[in-house]
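Asker: Pasting in a structure now, in structure tokens, and then I'll have a few things to ask.
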Amino acid sequence: MAALYFADAIQCGGTPFNRYKALEIVAPRVAAMQNESFRDTLRGQGAALCCFAGARSEFLTPLYAQSSPGQVREISDFRVLLPRMLSHLGIRASESLTEGQLDYLSGLVYQLFLNADEHGSYDVAGNRYEHAMRGLAIRMTSVNDVPSLVKYAGEDTSLRAFLVKQAYLTKDKKRKPLENDKELSQEEQEELPSPIHLIEISVFDTGPGLALRWLADQGRRSYEEITLDEEMEAVQSCFQKHSTTKASQYFGLGLPMALMAMKHLNAFMTLRTGRLSLYQDFSKSDTVAFKPTNRFTKAKKLAEIAGTGYTICFRVK
């Protein structure tokens, strides 16, 4: 959907294809988002709400109280929305999550989308983008054995470690076998004590990104003007208590509150913004602040991306 929306031109088999004709493919998906027919928003076991700047249905009813900028619904509306989205994925929220977890989750998604609505809709000069995208996506994944765990985590060793820890948080097996443990049989190496049911929630936008937005007041207008160390420091500053790019003293608590929610969910968070790909494991007992580290240590330099994308992954029953 994003590719068709942002494309200047489309070719099919080397032949130019009408862009508006191609966008007709997207229309039923967007209509499903507007009507809360979540099962029809994506293929597979997932649901999404995507807001395309300039589109007739840019301000989706499930996310916005009014069809205008800055009119994101209240946190209480997100508390109702998320269980609805989960139920369309076959997840009975009342059985999978406690009331407290749902409260924290709703607050988390609300704060992140509020941030995406403001910072993903305007460039660093304060001009509203002609073309931009923001939204959220939810999917459910079950990991039943070590091979599927390894496949799911890919090259992300930190995510793999998080999943292994989740798999062996049972009273039945205190030992944490690894897939290359020679003391175990092949069958035991591939066995998990119990399946891991994971909810993944992503909130994203195509704005300037955290660091560039933060440093805009200093006259920075591109990542070429910012060192990687400055970018990392700026991202860190975004999550400090009372830090904000807004003028009002009453703002600035949103992202720190989101961090508290991730701690209560024992979540694994990844953050992709600018030239950074970061992660933090909030299931660790000593986690008290936002201290992300590089997600892929072997990558010398990542390509710059537009906007910011958070993915929060946590285990449910």
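Bear in mind these aren't lab numbers, they're just calculated from the coordinates by the rules spelled out. Since this is a predicted model, take the numbers as computed values, not measurements. Ideal geometry is used to build each Cβ from the backbone, glycine not excepted, and the neighbour counts take in all protein chains shown.
Asker: Over the chain, calculate the relative contact order: mean separation of alpha carbon pairs under 8 Å at least 6 apart, over the residue count, as a percent.
Answerer: About 17 percent, as a whole number.
Asker: Looking at the chain as a GNM with Cα springs under 10 Å, which of Lys298, Lys165, Lys263 has the largest mean-square fluctuation?
Answerer: Lys298
Asker: Report Rg(Cα)/(2.2 N^0.38 Å) for the chain, keeping two decimals.
Answerer: Against the compact-globule rule of thumb, the ratio is 1.05.
Asker: Only Cα pairs within less than 10 Å get springs; with that Gaussian network setup on the chain, which residue of Gly44, Gly207, Gly135 has the largest fluctuation?
Answerer: Result for the chain, Cα springs under 10 Å: Gly44 fluctuates most.
Asker: Per residue of the chain, what 222 nm ellipticity follows from adding -39500 (n - 2.57) for every DSSP H run with n ≥ 4, rounded to the nearest 500?
Answerer: -9500 deg cm²/dmol, from helical runs alone.
Asker: Which of Ala48, Ala303, Ala116 ends up with the largest GNM mean-square fluctuation for the chain, with Cα atoms connected below 10 Å?
Answerer: Of Ala48, Ala303, Ala116, the Gaussian network model singles out Ala303 as fluctuating most.
Asker: Quick one: if the Förster radius is 35 Å, what FRET efficiency do Arg56 and Asp286 give, using the C-beta to C-beta distance and rounding to 0.05?
Answerer: E between Arg56 and Asp286, to the nearest 0.05, is 0.10.
Asker: Now, a different point. Mind checking the angle between helix 99-119 and the chain's longest principal axis? C-alpha axes, 0 to 90 degrees, to the nearest 10.
Answerer: So the inclination is approximately 30 degrees.
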